[in-house]
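Below is one structure; the comments refer to it alone.
Laboratory data are not the source of any read-out in this text; all were calculated from the coordinates shown. The shown structure was predicted, so the numbers you read here are calculated from the model rather than taken from an experiment. For neighbour counting, all protein chains shown are included, and Cβ atoms are generated from backbone atoms with ideal geometry for every residue, glycine included.
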Amino acid sequence: MTPRTIVLRLSGAPKSKKHGWQAIAGALFVLLVLAASAYTFLYLKHDPTLTDLRGRLHGASASHPLGTDHLGRDVLTRLLLGGGQTIGYSLLALGAALVIGIPLGLIAGYRRGWVDRLFMRIADGFLAFPDTIVAIVLSGLLGAGIGNLVLAIIIVKWVSYARLVRSTVLAESQKDYIRIARTNGLSDARIMTKHLLPHIAGHVLVLASLDIGKIILLISSLSYIGLGAQPPTPEWGAMLNDSRPYFQSRPELMVYPGLAIVSVVLIANMLGDYLRDRFDVKKEVQP
């Protein structure tokens, strides 16, 4: 029995096995969506952008399992490809925010001084407004399009990861093992990568898993109002907007992408809760 195990048991911390099924279900669901999207992309049975006005708003059939939309396009094909767009761009924005935020947080927390003060002033400026408002303003200034939307989300999201890393580094830098590493002549870069980075990995992973659902909702909602993916690109938020005029006659056209968004966000949050218990991360780590 390791000292960490003893501490977890004495403190009454939740066991990682308690929510193990959540991690398995979340991983399988995400893999299923990505595999289905990749399969649909590689083996297209229907062109997702080809219109057929004679076959518009048809119900489910053998050739169209989920029917067709207002332009006669296959709903299932667009739904699966839309999953690849929504989830793929969300992961891209999240990865870029991590690449920017982690090094900046490490440097600001470890070097301190004017670097830390400059970073805090920039971070305070971003945190003065809600993420959604800033993303909408930036998307409007940059212009409608999924690329500009992803860039706006990156600009918004890197701050939270940099602040989390900075606060963790500030706490770890006061501990004896960091002082010993400095005494032994280790360079700052080696101390940050070898000693500090492993301590922040769990916190960053938990925040990222909780944040992916918010990014998916952000991309879908801004695409819904026309600031994200543009027609005829299949994307869940854009599909919701396209189907809105036909809600009374064909409500399932909005139900399908809406249910897909809710399912993915719910699974992502469940996975984040599992990782928070698994790494024993305190409640102050919030998405």
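In terms of its C-alpha gyration tensor, the range 68-285 comes out prolate, because a/c is 1.5 or above and the ratio a/b outweighs b/c.
Here the range 132-152 and the range 157-200 have alpha carbon centers that stand 33 Å from each other. May I ask you to evaluate 6.51 cos²θ - 1.76 cosθ + 1.60, the Karplus curve with θ = phi - 60°, for each residue of the range 146-152 and list the ³J(HN,Hα) values in order in whole Hz, giving x for glycine and proline? Couplings: 5, x, 5, 5, 4, 4, 5 Hz. Show me, for the range 224-237, the HN-Hα J-couplings you get by feeding each phi into the Karplus relation (A = 6.51, B = -1.76, C = 1.60, θ = phi - 60°), rounded to Hz, glycine and proline as x. Per residue, the Karplus-derived 3J(HN,Hα) values read 4, 8, x, 9, x, 4, 9, x, x, 4, x, 8, 4, x Hz.
Each Cα pair under 8 Å and six or more residues apart adds its sequence gap; the mean of these over the residue count of the range 49-175 is a relative contact order of 26 percent. Scoring 125-136, 230-241, 263-274 by mean Cβ neighbours within 10 Å over their residues and listing the highest first yields 230-241, 263-274, 125-136.
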